[in-house]
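Undergrad: Input: one structure, supplied below.
The values are calculated or read from the model by the stated rules, or taken from the named source; none is laboratory data. Remember, predicted model here, so these are calculated numbers, not experimental data. Neighbour counts run over all protein chains shown; Cβ positions are idealised from the backbone, glycine included.
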Amino acid sequence: MKCVKVPLKQLNDTRITLMEKGLMSMDFRIKTDGEFGYIPITEDVSGYEIADVELEPMKKVAHSFSELLEDELTSDEIENLKTSFDTIGDIVILEIPDELYSKRQIIGEAAYKFTKRKAVYMKKSAIKGTIRIRDLEFLAGTDDSITIHKEHGARLKLDVREVYFSPRLATERKRVMESVRDGEKILDMFCGIGPFPIVIARNKNVKITAVDINESAIRYLKENIGLNKLAGSIKPYCGDVREVSKSFNCKFDRIIMNLPGLAYTFLDVAVDLIEDSGIINYYEFSNSYEQGIKRLESACEKSEKKIEIINCRKVKSTSPDEWHVAIDGKVSKKN
Ligand SMILES: C[S@@+](CC[C@H](N)C(=O)[O-])C[C@H]1O[C@@H](n2cnc3c(N)ncnc32)[C@H](O)[C@@H]1O
C-alpha cells in the first residue's frame, strides 16, 4: 500500500493535512514502527517521502442493510428483500423467498442490526383463516411479539402473532378518517385491533360500533381505546358480525368493510344496516373495480336500494395482477 512516511512527531499533523486534502485512504489503518508512521494515501503526494508498506485493512462498519448482506446475497436479492420490510411498532416482519430460506438467520440478523428494532420475524405462511393471521418465524432480537405501533398519532397495541394488522393501510385509514363528518354513526364490521375506529375517533366526534370475531383483537381494541385520547366513542363487540348485528337496533351513516377476501358475502348485512344516504367503504381483492361495483349494485338491488359510486382506488398491490381495492358508495332508497 502506498504511504506517506513521516517521523512519529509529525504523524498527527500530516495525517490531518492529508485528510483535509482528501488524500488519505480511509480503508487501511495507519502503521507505526518506532521512529516512523505510515499514512495510507489514495494518490501520489509531493513533498513527502513515499513508501510501499503492508497495512491492515480497516474493519468495515456497515451503513446499510445492503452493506451488511453484500457478501451473502446479490444486489437484486437485497433490493427485493428491502421492499418486503413491514415495520409494526418495534417489530420487523420480512418476506424471505424460498431460495433464500437457508440464509434467513443472516438476513434476520442484518435486519436486526440495521433497523435497531426489538425483534425480527419472517412470514412463514400467507394470511389465512377466518381471523386473517399468518404464521411467523422468529429470526433475531428478542422473541416478544407484542408491540405498540404509532399511526397518524394513534397508539395501536397488538400481538403480531395473534391478530391481523397491516401498516400498509395507514394512508387508506387517514383518507377514510378525513372523509368522516362529526356526528356520524359508524359500524366497522371487521375492526381487528381497531385501527380504523381509533384513527377516526381520535379526530372526529363520532359514535363507532366495532365488531371482530377474533377475541384477541377485541381485547387489544379495548386496550387501544384506553391508550388514546378520543374525540368520539367506540363500542367493541366480539363475534360474527352477521350474528352480533342482529342486536343492533339502529342504522349507521357509514359502514367500513375491510375483509377484502369475503366482504362481498356480508353485503346483505351492510345494505340492511346502512342509513338512507349512508356510505359503505367496501374493500375487495381484484384486478378491476367492475366486480366490486357489480356486487354492491346487486346487493342494493336485492334490498330495493340504489348505490352511487363516489370513489374507487387501489389501496395496495397484493400480487402482480391483483389489488386490494377500495370502493366507496352512497346507498339510498329507490324512489
Ligand atoms: C383484514 S382484517 C382487517 C382488520 C382491521 N379492519 C384492519 O384494518 O386492521 C379482517 C378482520 O375481520 C375479522 N373477521 C373475519 N370474519 C369475521 C366475521 N364474520 N365477523 C366479524 N369479524 C370477522 C378477522 O378476525 C380480522 O380481524
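Undergrad: Considering every residue within segment 316-324, establish whether at least one is in contact with a strand residue (DSSP E or B) (Cβ under 8 Å, 6 or more places away or on another chain) and under 23 Å from GLU184 (Cβ atoms). Show your work before the answer.
TA: As a first pass, look at segment 316-324 and keep what is in contact with a strand residue (DSSP E or B) (Cβ under 8 Å, 6 or more places away or on another chain): 316-318, 322-324.
Checking which are under 23 Å from GLU184 (Cβ atoms) leaves us with none.
Looking through segment 316-324, none of the residues is in contact with a strand residue (DSSP E or B) (Cβ under 8 Å, 6 or more places away or on another chain) and under 23 Å from GLU184 (Cβ atoms).
Undergrad: Evaluate segment 252-265: report whether one residue or more is of a type in the set (D, E, K, R), surrounded by fewer than 17 Cβ atoms within 10 Å (Cβ to Cβ) and modelled with pLDDT of 95 or more. Don't jump to the end; show me each part of the working.
TA: Filtering segment 252-265 down to residues of a type in the set (D, E, K, R) leaves 253-254.
Remaining after also requiring surrounded by fewer than 17 Cβ atoms within 10 Å (Cβ to Cβ): none.
No; the residues of segment 252-265 include none that is of a type in the set (D, E, K, R), surrounded by fewer than 17 Cβ atoms within 10 Å (Cβ to Cβ) and modelled with pLDDT of 95 or more.
Undergrad: Quick one: how many residues across segment 81-114 are over 28 Å from PRO195 (Cα atoms), in contact (Cβ under 8 Å) with a residue 12 or more places away in the chain and not basic (Lys, Arg)?
TA: So the first thing to find is which residues in segment 81-114 are over 28 Å from PRO195 (Cα atoms), and the list is 97-107, 109-110, 113.
Next, only the ones that are in contact (Cβ under 8 Å) with a residue 12 or more places away in the chain stay: 97, 100, 103-107, 109-110, 113.
Filter once more, keeping what is not basic (Lys, Arg): 97, 100, 105-107, 109-110.
Of the residues in segment 81-114, 7 are over 28 Å from PRO195 (Cα atoms), in contact (Cβ under 8 Å) with a residue 12 or more places away in the chain and not basic (Lys, Arg).
Undergrad: Next question, about the same structure. Would you point out which residue out of ILE93, ILE50 is more than 36 Å from the chain's Cα centre (by Cα) and surrounded by 11 or more Cβ atoms within 10 Å (Cβ to Cβ)? Before you say what the answer is, go through the steps one by one.
TA: Details: ILE93 fails: more than 36 Å from the chain's Cα centre (by Cα).
Among ILE93, ILE50, only ILE50 is more than 36 Å from the chain's Cα centre (by Cα) and surrounded by 11 or more Cβ atoms within 10 Å (Cβ to Cβ).
Undergrad: Let me ask something additional. Please determine whether any residue of segment 209-216 is within 16 Å of the ligand (Cβ to nearest atom), of a type in the set (A, V, I, L, M, F, W, C) and within 22 Å of the chain's Cα centre (by Cα).
TA: The first filter runs over segment 209-216 and keeps only residues within 16 Å of the ligand (Cβ to nearest atom), leaving 209-216.
Still in the running and of a type in the set (A, V, I, L, M, F, W, C): 210-211, 213.
Applying the additional criterion that residues be within 22 Å of the chain's Cα centre (by Cα) yields none.
No, every residue in segment 209-216 fails to be within 16 Å of the ligand (Cβ to nearest atom), of a type in the set (A, V, I, L, M, F, W, C) and within 22 Å of the chain's Cα centre (by Cα).
Undergrad: Do you know which residues across segment 175-201 are of a type in the set (Gly, Ala, Ser) and within 7 Å of the ligand (Cβ to nearest atom)?
TA: GLY192
Undergrad: Another question, if that's okay. So which residues in segment 217-260 are near the ligand (Cβ under 9 Å from one of its atoms) and part of a loop (DSSP other than H, G, I, E, B), if there are any at all?
TA: GLY239, ASP240, ASN258, LEU259, PRO260
Undergrad: Also, quick follow-up: Looking at segment 210-234, I want the residues that are polar (S, T, N, Q) and have a partner that is at pLDDT below 95 and more than 16 Å from the ligand (Cβ to nearest atom) with Cβ atoms under 9 Å, at least 6 apart or on another chain. Which pairs are those?
TA: That search, which allows pairs on different chains as well, returns ASN228/GLY153.
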